Amino acid sequence: MTKLRTTFQQDGFAIVRDFYTVAEMAEFDTALARYVAEVVPHLPPDYVFHEAGGGIKSMNRLDEHDTFFADFKRHPRVLQLVAELLGTSATQIIAESLQFFGKPAYEGSVTPWHQDNGFQHYAPPESLMLWLALDDVDEENGCVVFARGSHTLGTVAHVPSGVLGFSQTVKEPPDPLLFPEVNAAMRRGSISLHHCDMFHRSGANRSARSRRALAVNLRTTRAVADVEKRARVKAEAARLLQAEQDA
């Protein structure tokens with residue numbers, strides 16, 4: 001067993017520094033700028049969410065509209081790494097939804113405590129999120145905060161959060177004495193990978209720097225979603241979106 005997989009199993013998350021090169025990151029910037037300019041204006045409301053100040057908060061399912069992002073989430077390099085952490089072969093890994101998280105300078109808002117499986121509802125919970133830092137990220141501009149070891153609690157009940165784009169939250173955050181909070185500060189081009197049952201959150205962006213990221217959910221072929229539970233999550237997300245449009 002590799003050191004990275006051991007860390008992932010024990011802590012519920014792992015960080016790989018400088019996973020992408022400077023040249024590769026320039027390609028991400030170009031593709032993202034093209035997507036925002038050419039694709040975003042034609043997307044339905046549930047694909048793009050904005051902060052109160054107008055900056056892009058998040059975008060959903062980029063891979064459905066752009067081959068660059070579709071290729072990114074299914075790249076053999078990504079699938080092989082995820083397979084290692086989930087203890088299977090690359091052929092047994094399925095890349096699901098690809099999202100962009102914006103947190104613009106000064107207006108990036110808080111993301112409440114949650115587990116990804118509070119939205120996805122996979123059983124067994126053989127899934128993780130790969131999170132790529134498009135900017136240097138730290139506590140000041142709203143890096144992800146993990147509760148180390150909290151994935152061992154399993155998937156817990158979630159309740160509506162009232163937050164557009166993150167419609168679910170846990171009833172209670174994990175005990176920080178048992179599950180210490182870890183700021184996932186990373187340089188641009190680094191990635192974090194966290195288990196779908198990992199409790200995590202992020203703070204507001206209080207800085208003059210953006211905190212952009214791409215995140216893709218990957219699972220094994222054994223992980224099957226509970227359709228009814230997912231439908232309830234989608235219904236709450238739709239309710240929040242409608243309320244925003246009616247306001």
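Computed values, structure above
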read-out: Which listed pairs, of 73/234; 3/234; 3/73; 3/103; 103/234, have C-alpha distances above 26 Å, in listed order; value: 3/234; 3/103
read-out: Fraction of accessible area attributable to carbon and sulfur, segment 1-137 (%, probe 1.4 Å); value: 56 percent
read-out: For segment 73-118 versus segment 138-155, the gap between their alpha-carbon centres in whole angstrom; value: 14 Å
read-out: Pairwise FRET efficiency - residue 5 versus residue 159, Cβ, R0 = 30 Å, nearest 0.05; value: 0.35
read-out: Among 103, 171, 57, residue whose mean-square fluctuation peaks in a GNM of the chain (springs only between Cα atoms under 10 Å); value: 171
read-out: Heavy-atom accessible area per residue - segment 159-222, 1.4 Å, Å²; value: 40 Å²
read-out: Value at 222 nm in deg cm²/dmol, rounded to 500, when DSSP H runs of n ≥ 4 in the chain each add -39,500 (n - 2.57); value: -8000 deg cm²/dmol
read-out: Label assignment, Cα extents along the principal axes in Å derived from the structure, set (i) 93, 33, 30; (ii) 48, 42, 34; (iii) 92, 41, 34; value: (ii)
read-out: Solvent-accessible heavy-atom area per residue, rounded to whole Å², over segment 1-103 at 1.4 Å; value: 50 Å²
read-out: Eligible lysines near residue 229 by straight Cα distance, threshold 21 Å, same-chain separation 8 or greater; value: 171
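The values are calculated or read from the model by the stated rules, or taken from the named source; none is laboratory data. Worth saying up front: this structure is predicted, and the values here are computed from it rather than measured. Positions of Cβ are backbone-derived with ideal geometry, glycine not excepted, and every protein chain shown enters the neighbour counts. The accessibility values were calculated without ligands, DNA or RNA, using every heavy atom of the protein model including side chains. Shrake-Rupley method; radii C 1.70, N 1.55, O 1.52, S 1.80 Å.
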